[in-house]
Amino acid sequence: MMYVDFAAGNKNYKLRLNTRNLVMLEKQLGCNPLSIFGDGDTLPTITEMVNILYCSLLQYNNGINLNDAYDIFDEYLADGNSATDFIPVILEIYKVSGLIRT
């Protein structure tokens, strides 16, 4: 099974969206997860980014909740990353989850 390795705050996480978590993400976003990029000219909001992170954490990281996802995102930013640095991570999650072709 493929997943994205993601490091934040000296911890490593495996990220992937299975169908159950994709449906949950779709409900949280209120749209198809691919539409957060518009026609390629739209940046996802922080809310969307955290929701994508949260839903992609669920399959391989037992006991994770939404508050944990906020903390993990904060740790990612504290590691010197910017919010826009997370966009390629989203694309990798979408690739390993079968939403877009590699």
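Structure notes:
- Surface accessible to a 1.4 Å probe, per residue, for the residues of the chain, Å²: 57
- Here the spin labels are modelled as points 7 Å beyond Cα on the Cα-Cβ line, and at Thr84 and Asn32 they lie 2.6 nm apart.
- Set of aspartates and glutamates near Lys95 by C-alpha distance (under 14 Å), chain-local residues within fewer than 8 positions excluded: Asp5
- In the chain, the ratio of gyration radius to Kirkwood radius, Rg to Rh, stands at 0.92 when only Cα atoms are counted.
- Counted over all Cα-Cα pairs of segment 36-88, pairs farther apart than 17 Å make up 37 percent.
- With contacts taken as Cα pairs under 8 Å at a separation of at least 6 residues, the chain carries a relative contact order of 37 percent.
- Distance between segment 7-28 and segment 30-61 - C-alpha centres, whole angstrom: 10
- Element breakdown for the chain at a 1.4 angstrom probe: carbon and sulfur atoms account for 48% of the accessible area.
- Label-to-label distance, Leu43 versus Asn67, with points set 7 angstrom from Cα along the beta-carbon direction: 2.9 nm.
The values are calculated or read from the model by the stated rules, or taken from the named source; none is laboratory data. Quantities reported herein were computed from a predicted structural model and do not represent experimental measurements. Reconstructed Cβ throughout: ideal geometry from the backbone, glycine too, with neighbour counts over all protein chains shown. All accessible areas refer to the heavy atoms of the entire protein, side chains included, with ligands and DNA or RNA removed. Shrake-Rupley method; radii C 1.70, N 1.55, O 1.52, S 1.80 Å.
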